[in-house]
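I have placed the structure first, in the form of structure tokens, so that the comments after it can refer back to it.
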Amino acid sequence: MDLDQLAALRTPEGSAALAAATEVAGGDPLAAAAALRSTGVPPGLAAAALTQAELRRRAVGKFGPEADGMFLTRPGLEQATRRVVADRRAARLRAAGVRTLADLGCGLGADALAAARAGIRVYGVEADPLTAAMAAANAEAAGLAELFTVECGDATSFDVSRVDGVFCDPARRRAGTGRRIFDPNSYSPPWDFVTGLAERVPRTVVKVAPGLDHALIPAGAEAEWVSVDGDLVEAALWCGALAEVPRRATLLRCKEGPPVNAFGRGGAPCYHPGAEQLTGPGTAEAPVGPVRRFLYDPDPAVVRAHLVAELAADLDATLADPSIAYLYADTATPTPYGRCLEVIDVLPFSLKRLRALLRERGVGRVEILKRGSALEPDQLRRDLRLAGALAASLVLTRVAGAPTALVCRPVTGSHGRWIEP
Ligand SMILES: C[S@@+](CC[C@H](N)C(=O)[O-])C[C@H]1O[C@@H](n2cnc3c(N)ncnc32)[C@H](O)[C@@H]1O
């Protein structure tokens, strides 16, 4: 896709080709291209329309129905913030008094559009000309062109004195190869520039990889880890006046459907504005004790934010190994911050003994959870040669340093039960 093809897609003929491509996208690509060309669409336009239609189809999971009007590139879509996360960030910026925002490296505009929807005037800067043109087209398609404008250029030259807030989501993939960058010093714009923004603009937010080393968190900044439906999706550094607490874990739910278990939340509509948030200094250590009747597997945002001790205090729970983030308690307390399992058997890890135990229990199906174990779940499942009518949760971990297997059942209400297969 290039700028000429984008321009062609935005003509009435291009819109018609895109509408036709949307009808046939998702099936056999050759048949779709032939179907489009048979209606008189020139081959170049047909190919561009089909690529867009396919990307839009994939983008629905991230952006919801609005994906249908967006212009996308594959790398831009991969790096874009999902809407539920962008909307929350925008609402928090707005509540903190941000009225004008620079989005330095705005990509396709997912964050900028959310801020504009929240009523913030956004100045986007994007180095890649096609991505910048698409961001502008996305602003227009969303009816937000007056609130979100895009200039193509280097974000490091933007005059930040024009705005009262800055957002930066630096590129963490190499242009061309798309390979992930793990060293923040190789981000673009560069890490020094990004962290230096906080000294120039009192309200600065930086989106970073969830694996960020805590040692890189600037002094005084709030580091927030965000999960969506239990998947860790990003971290953000809230700097200056925006920092409220040292560490925060934010859990968002997007999927419809029944709860995973009675102690997790579920069924919330997509883009639900509510979120569960756990906060703290991120330095406390949870007490250590024996394995107890109930095991909690904390949400990855809680673990990455180093807030397991805060969760342990809420649940009156302890760790069974100081370096492993499973918590154990005598009672099952409803919490959105982790899954709760009832521990049925505890045994020092031995394949032979575990196989015999699961046979005896009639377990033919296991989900495998692990922390602190190098065992490969699929291989273990094969080695266990399970046979039986029941299902169980198998937890592979360490207890006081020793490799241990716990056979568990999910807490589904006041009475735990084996799940029927
Ligand atoms: C991670 S993406 C931004 C995604 C965006 N937040 C979203 O949700 O759609 C980073 C973007 O920064 C752009 N970029 C990298 N270095 C830049 C620079 N020095 N100036 C302007 N843009 C830059 C890249 O081209 C890329 O599109």
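The values are calculated or read from the model by the stated rules, or taken from the named source; none is laboratory data. If you're wondering where the values come from, they're calculated on a predicted model, not measured in any experiment. Note that we place each Cβ from the backbone using ideal geometry, even for glycine, and neighbour counts take in every protein chain shown. When the accessible area is computed, the model is the full protein with side chains, heavy atoms only, and any ligands, DNA or RNA have been set aside. Shrake-Rupley method; radii C 1.70, N 1.55, O 1.52, S 1.80 Å.
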Considering the dipole of the chain built from charges on the beta carbon (Lys and Arg +1, Asp and Glu -1) around the Cα centre, which of 324, 220, 301 is farthest to its positive end? 324
Could you give the semi-axes, largest first, of the ellipsoid that matches the chain, computed as the square roots of 5 times the alpha carbon gyration tensor eigenvalues and rounded to whole Å? 43, 29, 18
Between residue 366 and residues 5 or more places away or on another chain, the pairs with built amide H atoms under 5 Å apart involve 392
Between residue 192 and residue 292, the two model label points (7 Å from Cα along the beta-carbon direction) sit apart by a distance in nm of 5.0 nm
The range 48-97: translational diffusion in µm²/s, Stokes-Einstein, Kirkwood Rh over Cα pairs, 37 °C, 0.692 mPa s: 281 µm²/s
Counting helices only, and only those DSSP H runs with n ≥ 4, report the 222 nm mean residue ellipticity of the chain as the sum of -39,500 (n - 2.57) divided by its residues, in deg cm²/dmol to the nearest 500. -9500 deg cm²/dmol
Which whole number in µm²/s is D for the range 133-218 by Stokes-Einstein, with the Kirkwood Rh taken over Cα pairs at 20 °C and 1.002 mPa s? 146 µm²/s
Once phi is turned into θ = phi - 60°, what whole-Hz ³J(HN,Hα) does the Karplus curve with 6.51, -1.76 and 1.60 give for every residue of the range 177-190, x standing for Gly and Pro? 8, x, 6, 5, 9, 9, 8, x, 5, 9, 4, 9, x, x
In 5 Å bins starting at zero, report the fraction of Cα pairs in the range 282-421 per bin as a rounded %. 2, 10, 21, 23, 20, 13, 8, 3, 0
Calc'd 3J(HN,Hα), the range 341-357, phi into Karplus 6.51 cos²θ - 1.76 cosθ + 1.60 (θ = phi - 60°), Hz, glycine/Pro = x, comes to 10, 9, 7, 9, 9, 10, 9, x, 5, 8, 4, 4, 5, 5, 4, 5, 5
To the nearest 20 debye, what is the magnitude of the charge dipole of the chain about its Cα centre, counting +1 on the Cβ of each Lys and Arg and -1 on the Cβ of each Asp and Glu? 1300 debye
Tell me the angle of helix 12-24 to the major Cα principal axis of the chain, expressed in degrees between 0 and 90 and rounded to the nearest ten. 30 degrees
Tell me the per residue accessible area of the range 1-158 using a 1.4 Å probe; a whole number in Å² is fine. 42 Å²
Collect residues whose amide H, placed 1.01 Å from N in the peptide plane, falls under 5 Å from the amide H of residue 173; neighbours closer than 5 in sequence don't count. 181
Given charges of +1 on the Cβ of Lys and Arg and -1 on the Cβ of Asp and Glu, with all other atoms neutral, how large is the dipole of the range 278-363 about its Cα centre, in debye to the nearest 20? 580 debye
For 251, 147, the accessible-area ranking with a 1.4 Å probe, largest leading, is 147, 251
Label point at residue 159 placed 7 Å out along Cα→Cβ; residues across the range 198-221 whose backbone nitrogen lies under 13 Å: none
Nearest-0.05 FRET efficiency for residue 285 and residue 100, computed from C-beta distance (R0 41 Å): 0.45
Counting only DSSP beta bridges with both partners in the chain, the antiparallel fraction in percent, to the nearest 5, comes to 60 percent
Against the longest alpha carbon principal axis of the chain, how many degrees, from 0 to 90 and to the nearest 10, is the axis of helix 43-63 turned? 40 degrees
Taking all protein chains as present, what is the carbon and sulfur share of the accessible area of the chain, in % to the nearest whole number, probe 1.4 Å? 53 percent
Rounding to the nearest 20 debye, state how big the charge dipole of the range 77-244 is about its Cα centre with +1 on each Lys and Arg Cβ and -1 on each Asp and Glu Cβ. 220 debye
Protection-proxy order for peptides 371-381, 176-186, each taking the mean of Cβ atoms within 10 Å per residue, highest first: 371-381, 176-186
Determine how large the accessible area of residue 370 is when every protein chain is in place; take a 1.4 Å probe and give Å² rounded to the nearest 10. 80 Å²
So the angle from the long Cα axis of helix 191-200 to the longest Cα principal axis of the chain, reported in degrees to the nearest 10, equals 80 degrees
